[in-house]
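Below is one structure, written out as structure tokens; comments come after it.
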Amino acid sequence: MRKKIVAGNWKMNTLPAEGVALAQEVVAGKGTVCNCVNFIVCPPFTHLSEVARVVKGSGIALGAQNCAAEEKGAYTGEVSAAMIAALGCEYVILGHSERRQYYGETSATLNRKMAQAYAHGLTPIYCVGENLEEREAGKHFDVVKAQIEEVVYELTPEQFSKLVIAYEPVWAIGTGKTATAEQAQEIHAYIRQVLAAKFGAAAAETAILYGGSCKPGNAAELFAKEDVDGGLIGGAALKAEDFLAIGRNGFGK
């Protein structure tokens, strides 16, 4: 059975006290959701340690939104995989479309970040997905395939066994647009096919999350699809009830 995952990417939102309060609400409400759901919260770096204390022992995992491509050294402003692992993180989001778009992250950069994550016992949530221009040009399959081949194909079978993939239709992030459940299933199934071409039967065990404007109202339809194993949630993760409702509506009480 593949993991059922609802991960919250808080992005550059919440001050430390707000983040602690949000995490407390999620912990308090977790019992209203099927215990089959693996919840992950990914706060900003500044309050990882405080949120770690809140979620400790709750069954809710902690993730970071990024890590450096280097182990340590003179890299002002960077945060290493070792640092976030030391704070209690189990997961790290890598390759998010905003990192690719605004900060020029390439597959070469992401290969180094993946290596750092695995070296420090972190599970990467590796993001793939096309923008609106690529979708309208019918290039979405090619874009996603390249993002997988250039990074995921570099992993060992053991590393791959621990990977989580998040498909983000970039045109649906923060726009209010959402891929239909059928569109999501189509590309999730394709992603699994591309993974299987390299890793064989192990691809059937890889959790593939949907990451484009997933909300309480569409979670059930999306998560009912065979190859959609949960969501990487943005805006809706900033309200505890919405975040919990996605898990509850998508996977049951």
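Of all the criteria given as (1) more than 18 Å from G138 (Cβ to Cβ); (2) buried (at least 22 other Cβ atoms within 10 Å of the Cβ); (3) out of contact with any Leu (no Cβ under 8 Å at 6 or more places or on another chain); (4) among the small types (G, A, S), the one not satisfied by A166 is (3). In this structure, is A204 closer than 20 Å to M12 by Cα, in contact (Cβ under 8 Å) with a residue 60 or more places away in the chain, over 16 Å from the mean Cα position of the chain (by Cα) and surrounded by fewer than 22 Cβ atoms within 10 Å (Cβ to Cβ)? No, not satisfied. Counting only helices (runs of 4 or more DSSP H) wholly contained in region 158-253, the ones carrying 2 or more residues that are over 23 Å from C42 (Cα atoms) occupy 181-199. Among the residues making up region 48-59, those that are surrounded by fewer than 20 Cβ atoms within 10 Å (Cβ to Cβ) and either touching a residue at least 24 places away in the same chain (Cβ under 8 Å) or under 20 Å from the mean Cα position of the chain (by Cα) (or both) are S49, E50, A52, K56, S58, G59.
Of the residues making up region 209-217, one or more are surrounded by 15 or more Cβ atoms within 10 Å (Cβ to Cβ), over 13 Å from A7 (Cα atoms) and modelled with pLDDT of 95 or more.
Scanning region 120-148 for residues that are in a helix (DSSP H, G or I), free of Cβ contacts under 8 Å to residues at least 40 places away in the same chain and either in contact with an Asp or Glu (Cβ under 9 Å, 6 or more places away or on another chain) or under 16 Å from V164 (Cα atoms) (or both) yields E134, D142, V143.
Pairs meeting the criteria (first residue in region 30-42 and under 14 Å from D229 (Cα atoms), second residue hydroxyl-bearing (S, T, Y) and not in a strand (DSSP E or B), beta carbons under 9 Å, at least 6 apart or on different chains) are F39/S58.
The values are calculated or read from the model by the stated rules, or taken from the named source; none is laboratory data. It should be emphasised that the depicted structure is a prediction, and the values quoted were computed from it without experimental measurement. We place every Cβ from the backbone using ideal geometry, glycine too, and count neighbours over all the protein chains shown.
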